[in-house]
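Here is the structure we will look at.
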Amino acid sequence: MESLEQMETVAQKVSAAPVQALRGGVYKPRTSPYAFQGMGEEGLEILAQVRSHYNIPVVNLIHNL
């Protein structure tokens with residue numbers, strides 16, 4: 001995931017489909033520290049907003065590096 005707007009668009013479409021949950025990755029491990037690493041805690045907040053607004057469960061994969 002890259003923005004609130006992106007997740008709002010996805011959640012709107014997904015909430016009308018027969019799905020059980022929405023998955024949004026907020027951390028993206030990369031070999032280069034200069035590449036996009038994900039939204040981190042801000043991404044978790046976006047997932048919480050989408051979950052609440054669209055009443056759809058959200059899932060995120062947690063890595064322990």
The answer for ARG23, listing residues at least 5 apart or on another chain whose modeled amide H is closer than 5 Å to its amide H, is VAL59
Spelling it out for LYS28: with amide H atoms placed in the peptide plane at 1.01 Å from N, the residues 5 or more places away or on another chain with amide H under 5 Å from its amide H are GLY38
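Kirkwood hydrodynamic radius for the chain: how many Å is it when counted over pairs of different Cα atoms?
Computed over Cα pairs of the chain, the Kirkwood hydrodynamic radius comes out at 12.4 Å.
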Ordering 28-34, 43-49, 16-22, 55-61 by per-residue average of other C-beta atoms within 10 angstrom, highest first, gives 43-49, 55-61, 16-22, 28-34
Once normalised by the length of the chain, the mean sequence separation of its alpha carbon contacts under 8 Å that are 6 or more apart gives a contact order in percent of 41
Residue-normalised 222 nm signal for the chain, counting each DSSP H run of n ≥ 4 as -39,500 (n - 2.57), nearest 500 deg cm²/dmol, is -12500 deg cm²/dmol
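We did not get these values from a lab; they are worked out from the coordinates using the rules stated. These numbers come from a predicted model, not from an experiment. As a convention, Cβ positions derive from the backbone with ideal geometry for all residues, glycine included, and neighbour counts pool all protein chains shown.
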